[in-house]
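Input: a single structure, listed below in structure tokens.
The values are calculated or read from the model by the stated rules, or taken from the named source; none is laboratory data. Quick caveat, the model's predicted, so the values are computed rather than measured. We place every Cβ from the backbone using ideal geometry, glycine too, and count neighbours over all the protein chains shown. What goes into the accessible areas is simple: the full protein's heavy atoms, side chains included, and nothing from ligands, DNA or RNA. Shrake-Rupley method; radii C 1.70, N 1.55, O 1.52, S 1.80 Å.
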Amino acid sequence: MERNAVDTTEEASLLKVLGNWDVLALGFGAMIGFGWVVLTGDWIGSAGTLGAVLAMTAGGVIMGVVGLTYAELTAAMPKAGGEHNFLLRGMGPRWSFIGSWGIVGGYVTIVAFEAVALPRTALYLFPDLNQVKLWDVAGSEVYLTWALVGAIAAVVITTVNILGVKFASVAQTFVVVLLLIIGLMLVFGSFTGGSIENMQPLITGGTAGFFAVLVVVPFLFVGFDVIPQSAEEVNVPARQIGRLVVIAVVLATIWYLITIVTTS
């Protein structure tokens, strides 16, 4: 064997198929989801219109700082896996193992919540959706048709992800555009059929109301870490990926603020 032989083996890498918009749609779409459909009224009821706005703004600033951290780490380590790689490099395999399973647990709770939020949204659009009662849970009636909406949606989303990240980004782009149209309808409806008087009381619940909204912010913003996790499949400079993380957090904050104000 020659001592000067050159190792031509290339490091395995994923296909770089995602552009700027694909990445932004993945991160922003994952953060806004459908949870706000269920929770916005509770935020306003707990803290008032202005109280909810202030709490969401404070939460957005906090998540922006977290996003800056992710942006720096993603630019330095643009590999698939996101937090798994960050922990592996910084703290070793044991903490990476623990942290990665912690992330899995967080995603499981989000999936369970969205599986309820989507049927709730469908119920607003189709009031007669509830058919064939199954059982009661915590005082709420569960119907077969209602549950099927969440179950079928879960199967569809799983299939989309199996088909690959590029296909998933296209599907996510469609969903984001749909949600933006809904947002525009909310703004239009608030100006044409709303009243400033409905925004009263501006603040209620005091400090407790403020923190009741603030504590759900990390839950709502779960999703921007989709960008670091797909960094190896992004066809843009690593530093730009980091910027997209922060931009996605800012856009999600603006979305939630618009949702609170237009709903109230």
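Being within 30 Å of Gly27 (Cβ to Cβ), without any contact (Cβ under 8 Å) to a residue 24 or more places away in the chain and either in contact with a strand residue (DSSP E or B) (Cβ under 9 Å, 6 or more places away or on another chain) or assigned to a helix (DSSP H, G or I) (or both) is a condition met by at least one residue of the range 116-123.
Of all residues in the range 151-162, one or more are modelled with pLDDT of 85 or more, within 28 Å of Gly60 (Cβ to Cβ) and part of a helix (DSSP H, G or I).
Against the list (1) of a type in the set (Ser, Thr, Tyr); (2) open to solvent by 70 Å² or more (accessible area, probe 1.4 Å); (3) more than 24 Å from Val226 (Cβ to Cβ), the condition Thr145 fails is (2). Can we say Gly139 is within 22 Å of Gly41 (Cα to Cα) and in contact (Cβ under 8 Å) with a residue 24 or more places away in the chain? Spelling it out, it is not the case that Gly139 is within 22 Å of Gly41 (Cα to Cα) and in contact (Cβ under 8 Å) with a residue 24 or more places away in the chain. Taken together, Leu129, Leu134 contain a single residue that is more than 26 Å from Phe219 (Cα to Cα) and open to solvent by less than 50 Å² (accessible area, probe 1.4 Å), which is Leu129. With among the acidic types (Asp, Glu) and modelled with pLDDT of 80 or more as the only criterion, which of Glu197, Glu233 stands out? Every option except Glu197 fails the conditions. Those helices (runs of 4 or more DSSP H) of the range 168-264 in which at least 1 residues are small (Gly, Ala, Ser) and either within 30 Å of Leu87 (Cβ to Cβ) or open to solvent by less than 40 Å² (accessible area, probe 1.4 Å) (or both), considering only elements entirely within it, cover 206-214, 238-263. Ala117 falls short on exactly one of the conditions (1) closer than 24 Å to Gly223 by Cα; (2) modelled with pLDDT of 85 or more, and that condition is (2). Of all the helices (runs of 4 or more DSSP H) wholly in the range 1-113, which have at least 1 residues that are at pLDDT 80 or above and under 18 Å from Tyr256 (Cα atoms)? In the range 1-113, 20-32, 35-76 are the helices (runs of 4 or more DSSP H) which contain 1 or more residues that are at pLDDT 80 or above and under 18 Å from Tyr256 (Cα atoms).
Going through (1) within 15 Å of the chain's Cα centre (by Cα); (2) within 20 Å of Val23 (Cα to Cα); (3) open to solvent by less than 30 Å² (accessible area, probe 1.4 Å) one by one, Ala117 falls short only on (2). Kindly indicate the residue of the range 148-167 that is free of Cβ contacts under 8 Å to residues at least 40 places away in the same chain and surrounded by 15 or more Cβ atoms within 10 Å (Cβ to Cβ) and also nearest to Glu233 (Cα to Cα) among those meeting that condition. Once the filter is applied, the top-ranked residue is Val160. Scanning the range 173-205 for residues that are touching a Gly at 6+ places or on another chain (Cβ under 7 Å) and polar (S, T, N, Q) returns a single hit, Thr204.
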